[in-house]
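Beneath this line is the structure, given in structure tokens, with notes to follow.
The values are calculated or read from the model by the stated rules, or taken from the named source; none is laboratory data. The shown structure was predicted, so the numbers you read here are calculated from the model rather than taken from an experiment. Cβ coordinates were reconstructed from backbone atoms using ideal geometry, including for glycine residues, and neighbour counts include every protein chain displayed.
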Amino acid sequence: MKKRIIALLLVVSLVGFLFAAGQAEASGPTAAKPLVLRYAHMNPASSPNGLQATYFADKIAEKTGGAIKIEVYPASQLGSISEMAEAVSMGSIAMHHNTYGGLQPLLNDLGLFDTPYLYRDVDHLLKATDPETSPALKELNQKLIDTRGVRILYSFYFGTRELTANHAVYSPKDLAGKKIRAIPSPIYLAAVEGMGAVAVPIDWAEVPVALSTGVADGQENPVSTLVTSAIYDVQKYAMMTDHIMGSEPVVINEKVWQALSAEHKKIFTEVARETRDWASNYVLQNEAKDVQTLKDKGMKIITKADGLKVDEFRASVSKVVNDRFGAAWGKYYEMINAIK
């Protein structure tokens with residue numbers, strides 16, 4: 001009897017062991033909880049900026065086999081532009097994209113990459129804002145890492161900024177006394193004031209209400225943003241001033257970056273390049289269509305052919321920017337101008 005009980009216990013133990021082993025094998029690597037990173041930004045999910053964030057997140061999940069999951073929070077769900085930038089520095093948000101001017105609260109010199117009329121073309125812009133190869137950005141990215149614990153992972157072209165208002169504008173004198181919304185950063189305030197207007201710093205989430213209530217008379221953004229944010233509902237005219245060719249940096253908390261394995265860092269770097277190219281091409285391919293959409297929605301488009309004095313805007317804006325930042329940023333401008 002005793003032998004039978006012992007034998008039975010052995011059988012039960014063996015079955016239990018085999019069951020547990022089977023469960024362990026079945027749940028193996030795939031059962032490990034993924035690393036979840038939060039990526040927050042201010043744009044609508046359907047905008048080019050929002051789409052590139054989703055594209056990046058999807059590619060990371062795919063290429064890490066689900067080991068890393070990036071949760072994207074669009075439309076300023078996790079704070080204002082400056083709050084999200086600070087949150088990446090503090091580590092409460094892992095990733096974020098912004099304008100270079102929008103990152104000035106973290107490192108003021110980053111605003112130079114949003115200097116009006118700085119780039120020859122999109123290729124020049126992408127080279128100048130490549131954190132791996134641009135001498136100016138490599139230097140400032142290291143400073144950003146050392147002082148604020150934030151790393152620029154990649155930058156993408158997100159459009160060329162144009163002016164909108166509820167009255168026709170042809171030269172800087174037409175903006176005298178007009179309140180134009182500016183991104184709350186020194187370089188954007190200088191750009192708008194250089195155009196002849198009164199710069200009103202307003203966070204992006206508040207812009208539609210500010211325009212509809214008269215807190216601001218106009219604003220400036222790429223045509224893709226004018227479409228996805230339905231600016232045509234509150235503005236009548238779009239002036240093709242082409243005053244800032246914009247590159248938007250995607251940043252990651254440095255501690256998060258350093259905690260990644262060498263393999264995962266390599267994947268992030270590869271996906272960063274792929275996303276940069278995808279997003280930049282997406283914006284370029286849709287710019288003409290976006291302008292047509294604005295026309296279809298009732299906006300009047302004013303170009304150089306219509307008498308828009310772009311050269312006057314360039315001269316006026318460049319003077320203000322040079323007076324305020326030329327001494328501090330001159331060496332970086334030389335680095336950028338030297339890029340072939």
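So which pairs qualify, if the first residue must be in region 257-272 and under 24 Å from ARG148 (Cβ atoms), the second must be surrounded by fewer than 19 Cβ atoms within 10 Å (Cβ to Cβ) and basic (Lys, Arg), the Cβ gap must be under 8 Å, and the two must be at least 6 apart or on different chains?
Close Cβ pairs (under 8 Å, with a partner that is surrounded by fewer than 19 Cβ atoms within 10 Å (Cβ to Cβ) and basic (Lys, Arg)) amount to TRP257/LYS265; VAL271/LYS63.
In contact with a helix residue (DSSP H, G or I) (Cβ under 8 Å, 6 or more places away or on another chain), under 23 Å from TYR55 (Cα atoms) and not small (Gly, Ala, Ser): which single residue out of ILE145, ILE152 fits that description? Don't jump to the end; show me each part of the working.
On the way: ILE145 fails: under 23 Å from TYR55 (Cα atoms).
Being in contact with a helix residue (DSSP H, G or I) (Cβ under 8 Å, 6 or more places away or on another chain), under 23 Å from TYR55 (Cα atoms) and not small (Gly, Ala, Ser) holds for just one of ILE145, ILE152, which is ILE152.
Quick test for you: out of GLU254, GLU220, pick the one residue that is under 19 Å from ALA205 (Cβ atoms) and under 18 Å from the mean Cα position of the chain (by Cα).
Details: GLU254 fails: under 19 Å from ALA205 (Cβ atoms).
Sole residue among the options that is under 19 Å from ALA205 (Cβ atoms) and under 18 Å from the mean Cα position of the chain (by Cα): GLU220.
Considering each residue of region 82-102, count those that are touching a Ser or Thr at 6+ places or on another chain (Cβ under 8 Å) and assigned to a helix (DSSP H, G or I), and give that number.
Here is the first cut: in region 82-102, the residues touching a Ser or Thr at 6+ places or on another chain (Cβ under 8 Å) are 84, 99-102.
Among the residues that remain, those that are also assigned to a helix (DSSP H, G or I) are: 84, 101-102.
Counting residues in region 82-102 that are touching a Ser or Thr at 6+ places or on another chain (Cβ under 8 Å) and assigned to a helix (DSSP H, G or I) gives 3.
On the given criteria, is GLY65 over 12 Å from the mean Cα position of the chain (by Cα), small (Gly, Ala, Ser), within 27 Å of LEU140 (Cβ to Cβ) and assigned to a loop (DSSP other than H, G, I, E, B)? Explain how you work it out, then say what you get.
On the way: over 12 Å from the mean Cα position of the chain (by Cα): yes; small (Gly, Ala, Ser): yes; within 27 Å of LEU140 (Cβ to Cβ): no; assigned to a loop (DSSP other than H, G, I, E, B): yes.
When the stated conditions are applied, GLY65 does not pass them.
Among the residues of region 105-152, write down those that are of a type in the set (A, V, I, L, M, F, W, C) and either free of Cβ contacts under 8 Å to residues at least 40 places away in the same chain or within 23 Å of VAL256 (Cα to Cα) (or both).
Here is the first cut: in region 105-152, the ones of a type in the set (A, V, I, L, M, F, W, C) are 106-107, 110, 112-113, 118, 122, 125-126, 128, 136-137, 140, 144-145, 150, 152.
Answer for region 105-152, where residues must be of a type in the set (A, V, I, L, M, F, W, C) and either free of Cβ contacts under 8 Å to residues at least 40 places away in the same chain or within 23 Å of VAL256 (Cα to Cα) (or both): LEU106, LEU107, LEU110, LEU137, LEU140, LEU144, ILE145, VAL150, ILE152.
If a residue has to be assigned to a helix (DSSP H, G or I) and aliphatic (A, V, I, L, M) to count, how many in region 189-227 make the cut? First the steps, then the outcome.
Pass one, region 189-227, residues assigned to a helix (DSSP H, G or I): 189-194, 204-213, 223-227.
Now drop any that are not aliphatic (A, V, I, L, M), which leaves 189-192, 205, 207, 209-211, 223, 226-227.
Going through region 189-227 one residue at a time, the tally reaches 12.
For region 279-298, which positions are of a type in the set (A, V, I, L, M, F, W, C) and touching a residue at least 12 places away in the same chain (Cβ under 8 Å)? Full working, then the answer.
Here is the first cut: in region 279-298, the residues of a type in the set (A, V, I, L, M, F, W, C) are 279, 283-284, 288, 291, 294.
If the condition is that a residue be of a type in the set (A, V, I, L, M, F, W, C) and touching a residue at least 12 places away in the same chain (Cβ under 8 Å), then ALA279, VAL283, LEU284, VAL291, LEU294 are the ones that fit.
Which of the residues belonging to region 56-73 are touching a strand residue (DSSP E or B) at 6+ places or on another chain (Cβ under 8 Å) and either free of Cβ contacts under 8 Å to residues at least 40 places away in the same chain or on the phi > 0 side of the Ramachandran plot (or both)? Give the steps one after another, and end with the answer.
To start, the set of residues in region 56-73 that are touching a strand residue (DSSP E or B) at 6+ places or on another chain (Cβ under 8 Å) comprises 56-57, 60-61, 67-73.
ALA57, ALA61, LYS69, ILE70, GLU71, VAL72, TYR73, listed by residue number.
Being more than 21 Å from VAL169 (Cα to Cα) and acidic (Asp, Glu) is the filter; apply it to region 180-208 and report the residue that is surrounded by the most Cβ atoms within 10 Å (Cβ to Cβ). Give the steps one after another, and end with the answer.
Let us first name the residues in region 180-208 that are more than 21 Å from VAL169 (Cα to Cα), namely 184-187, 202-206.
Still in the running and acidic (Asp, Glu): 203, 206.
Working: ASP203: 18, GLU206: 14.
Of everything passing the filter in region 180-208, ASP203 is surrounded by the most Cβ atoms within 10 Å (Cβ to Cβ).
In this structure, does THR241 turn out to be hydroxyl-bearing (Ser, Thr, Tyr), part of a strand (DSSP E or B), farther than 23 Å from ALA85 by Cα and modelled with pLDDT of 95 or more? Even if it seems obvious, please write down each step before you answer.
Numbers: hydroxyl-bearing (Ser, Thr, Tyr): yes; part of a strand (DSSP E or B): yes; farther than 23 Å from ALA85 by Cα: yes; modelled with pLDDT of 95 or more: yes.
Criteria met by THR241.
Here is a check on your reading of the model: is VAL291 surrounded by 13 or more Cβ atoms within 10 Å (Cβ to Cβ), outside any loop (DSSP other than H, G, I, E, B) and touching a strand residue (DSSP E or B) at 6+ places or on another chain (Cβ under 8 Å)?
On the way: surrounded by 13 or more Cβ atoms within 10 Å (Cβ to Cβ): yes; outside any loop (DSSP other than H, G, I, E, B): yes; touching a strand residue (DSSP E or B) at 6+ places or on another chain (Cβ under 8 Å): yes.
So VAL291 fits the description; yes.
Hey, among the residues in region 293-335 that are β-branched (Val, Ile, Thr) and touching a Lys or Arg at 6+ places or on another chain (Cβ under 9 Å), which one's nearest to PRO116 (Cα to Cα)? Step through it out loud before you land on a result.
Restricting attention to region 293-335, the residues satisfying the condition of being β-branched (Val, Ile, Thr) are 293, 301-303, 310, 317, 320-321.
Still in the list and also touching a Lys or Arg at 6+ places or on another chain (Cβ under 9 Å): 301, 310.
Details: ILE301: 21, VAL310: 12 Å.
If we take residues in region 293-335 being β-branched (Val, Ile, Thr) and touching a Lys or Arg at 6+ places or on another chain (Cβ under 9 Å), then VAL310 is nearest to PRO116 (Cα to Cα).
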